[in-house]
Structures are given as structure tokens and as C-alpha cells.
Amino acid sequence: MFNLFATQGYTEFNLATPVLANTDQSKLKMSFDFASALRKTVPGNLPFTFPDDVFRIYVSTTGGMSYTLFEEHSLSLNAPFNTGGFVQMAAFTPVATQWITHETVLPEGTNRVLFKIFRPEGNAAGSNHSYLDNVNFETCNTATPEG
């Protein structure tokens, strides 16, 4: 769980996997569960612009010596990765229906993954509480389609 609200946007969350045993340079299928909600500090019916926090996934083929951006997901109020909408002046603890499972095939030779949650802009009147759980990797034996 990462509480970006409490950091006021001045800190980011970085979580790197251990180096993965991918010696045959296979493609890996990665899956994880994710939940997030925007915590507001003003009444919900007031028009207000809230921060668009970002969740990024970076991959490495060098054991973490360098990373390449692989996916980027918005945590803004109506984005798919914001599964809990908004909570007003309260912590967010997701219930079963507020989790999504995300699956993706990583580039060939990936041996480390970095997850990053951050706010591209400074101080604002709200921010996300985000949860990442059940990260799994398996060798992808399906050939990449051509054409």
C-alpha cells in the first residue's frame, strides 16, 4: 500500500522485483492485483481539479542496471486503475470488488521489473491511496502473432 496523499506529492513509491531467473531470454507473463482511490480534502460536490497521479511499469534486461518504460496508467478519478473512486477525508482500504487483476506479456529477456507511483505535479488538494498485491510471473509459451 502506498499513501501518496500523505507525501503531498513530494515522494514517489518505487518497488523493484528481485532479479528474475530468465536465462533463456523468454517472454514472461506478469499479473498483479491493483486497487486505488483518490482521497479528497474538499466537499465532493465542489468543482475542483484533483491530481492525476501515475502508475508506471518499467522493465530491465540488465538485472536493474537500467530500465525502460513499459506501461503507464493514470490514477485520475475516472481512470480504469482508480478502482475506488474517491474517499473524502478517510483512508482507503479496498474491498473485493475494488481490485482489478492486470495481465501483460513483458518484452523478451526481461529479468527485473520496477513499479513506480508518483504525482507529476506538486502539492494539490487530494491524491491516491494505491495497493499492489499478488505479483506473479510465468514463462509465456505462446508465440507472438505476426502481421
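The values are calculated or read from the model by the stated rules, or taken from the named source; none is laboratory data. Computed from a predicted structure; not experimentally measured. Cβ placement follows ideal geometry from the backbone for every residue including glycine, while neighbour counts extend to all protein chains displayed. Each accessible area value is taken on the protein alone, full model and side chains, heavy atoms only, with ligands, DNA and RNA left out. Shrake-Rupley method; radii C 1.70, N 1.55, O 1.52, S 1.80 Å.
Look at (1) within 21 Å of residue 38 (Cα to Cα); (2) modelled with pLDDT under 85; (3) exposed (fewer than 15 other Cβ atoms within 10 Å of the Cβ) and you find that residue 142 fails only one, number (1).
Those residues that are open to solvent by 30 Å² or more (accessible area, probe 1.4 Å) and of a type in the set (A, V, I, L, M), I need them from the stretch 89-113; list them, please. Matches in the stretch 89-113: 89, 90, 91, 95, 96, 100, 105.
The C-beta contact set for the stretch 54-69 (first residue closer than 12 Å to residue 16 by Cβ, second residue of a type in the set (Asp, Glu) and outside any loop (DSSP other than H, G, I, E, B), distance under 6 angstrom, 6+ apart or interchain) comprises 57/71.
Results for (1) at pLDDT 90 or above; (2) open to solvent by 30 Å² or more (accessible area, probe 1.4 Å); (3) more than 11 Å from residue 128 (Cα to Cα), shown as yes or no for each residue.
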{"residue": "12", "(1), (2), (3)": "no, yes, yes"}
{"residue": "30", "(1), (2), (3)": "yes, no, yes"}
{"residue": "48", "(1), (2), (3)": "no, yes, yes"}
{"residue": "61", "(1), (2), (3)": "yes, yes, yes"}
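For the structure I just gave you, tell me whether residue 57 is at pLDDT below 95, of a type in the set (Val, Ile, Thr) and under 17 Å from residue 13 (Cβ atoms). In short, no.
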